[in-house]
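K.L.:
Right, I'll just put the structure down here and ask away after.
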Amino acid sequence: MAEPSAQARAERLFEEGRALLDAGRFQEACPKLEESERLDAGGGTRLNLALCHERTGRLAAAYADYEESLGRALHDGRADRERFAREHLAALEPRIPTISIVGASGAILVDGVELHVAEGARLRVDPGVHVVVVPGGPRWTISLAEGEARLLNVDRTTPGPKAAVADIPATRFIEDRSVAPLISLGIACVGYGVATWGMLRTMRSDDSTGVWALGIGGTLAIGGTLGAFILPRSVARPRGPKE
């Protein structure tokens with residue numbers, strides 16, 4: 001437990017950091033909240049720190065903070081904080097860049113920090129440039145955007161201090177044929193058939209059935225014909241690992 005003086009300082013820093021956070025001055029708020037958390041850890045402080053890290057683009061740090069806040073909220077029975085943390089974790093998950101390393105396990109260095117990882121484990125990192133070093137192996141300098149996933153393969157990279165480019169791009173795309181134009185063409189054919197029947201019906205009868213059929217069939221024919229020419233004939237999707 002923190003000493004009374006440390007608690008008082010932590011409370012003051014929290015209030016200052018929270019005021020800066022509310023004012024949108026996130027770069028100034030984060031250090032105060034970090035120091036407050038260091039002096040006297042608290043569920044509310046960590047949750048505000050998570051929000052501050054999220055607003056400054058430190059997505060991986062924010063995710064870790066929200067995870068810690070969720071655990072504290074569950075322990076303290078704070079349903080409101082639990083709900084807030086879960087919502088932000090779900091929103092952050094697809095935005096966080098990740099790095100996976102194949103062909104290495106144990107200690108690696110990411111931006112100078114030693115981490116112990118299992119082979120193929122996903123490492124969450126903030127968007128931006130990162131330096132990844134496998135001791136006795138390769139060194140990569142890579143730039144990651146939000147949501148980007150990068151796979152680094154030790155076996156395909158020459159060991160040494162020289163920076164190497166990740167050998168597998170984050171996402172590859174493959175083209176699939178689109179069935180939308182064919183469906184539109186089918187609708188047009190049905191429309192022409194209905195319109196023809198309606199025209200013949202109006203010529204042989206005075207009731208309104210033929211007029212309705214002519215109108216509906218004509219609409220389907222025109223819409224289907226336009227769709228067959230306008231809709232894309234192929235769509236891009238992520239390439240699967242075996243494609």
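The values are calculated or read from the model by the stated rules, or taken from the named source; none is laboratory data. Note that the structure is a prediction, hence the values are computed from the model and not measured. So basically every Cβ, Gly included, is an ideal-geometry build from the backbone, and we count neighbours across all protein chains shown. Quick note on the areas: whole protein, heavy atoms, side chains included, nothing else; ligands and nucleic acids left out. Shrake-Rupley method; radii C 1.70, N 1.55, O 1.52, S 1.80 Å.
K.L.:
For region 23-76, build the convex hull from the C-alpha positions and give me its volume per residue in Å³. Provide the component values of the computation, followed by the final result.
P.N.:
Values: hull volume 3.6 nm³, N = 54.
Value for region 23-76: 66 Å³ per residue.
K.L.:
At a Förster radius of 30 Å, what calculated FRET efficiency corresponds to the Cβ-Cβ distance of Ala118 and Ala90, to the nearest 0.05?
P.N.:
The computed FRET efficiency comes out at 0.75.
K.L.:
Once you put a point 7 Å from the Cα of Thr56 and another 7 Å from the Cα of Ala145, both along the Cβ direction, what distance in nm separates them?
P.N.:
Using points 7 Å along Cα→Cβ, the separation is 2.5 nm.
K.L.:
Additional query: Which value, in Å², gives the accessible area per residue of region 1-121 when a 1.4 Å probe is used on the protein heavy atoms?
P.N.:
Values: 6310 Å² over 121 residues.
Solvent-accessible surface per residue comes out at 52 Å².
K.L.:
In nm, to one decimal, how far is the modelled label at Asp155 from the one at Arg9, with both set 7 Å along Cα→Cβ?
P.N.:
5.3 nm
K.L.:
Carbon and sulfur together cover what percent of the accessible area of region 82-144 at a 1.4 Å probe radius? Intermediate values should be presented prior to the final figure.
P.N.:
Values: 1680 of 3080 Å².
For region 82-144, the apolar C and S fraction of the accessible surface comes to 54 percent.
K.L.:
Once you keep just the Cα pairs under 8 angstrom separated by 6 or more residues, what percentage relative contact order results for region 4-140? Don't skip to the end; give the middle numbers.
P.N.:
Working: 192 pairs, mean separation 22.1, N = 137.
After rounding, I find 16 percent.
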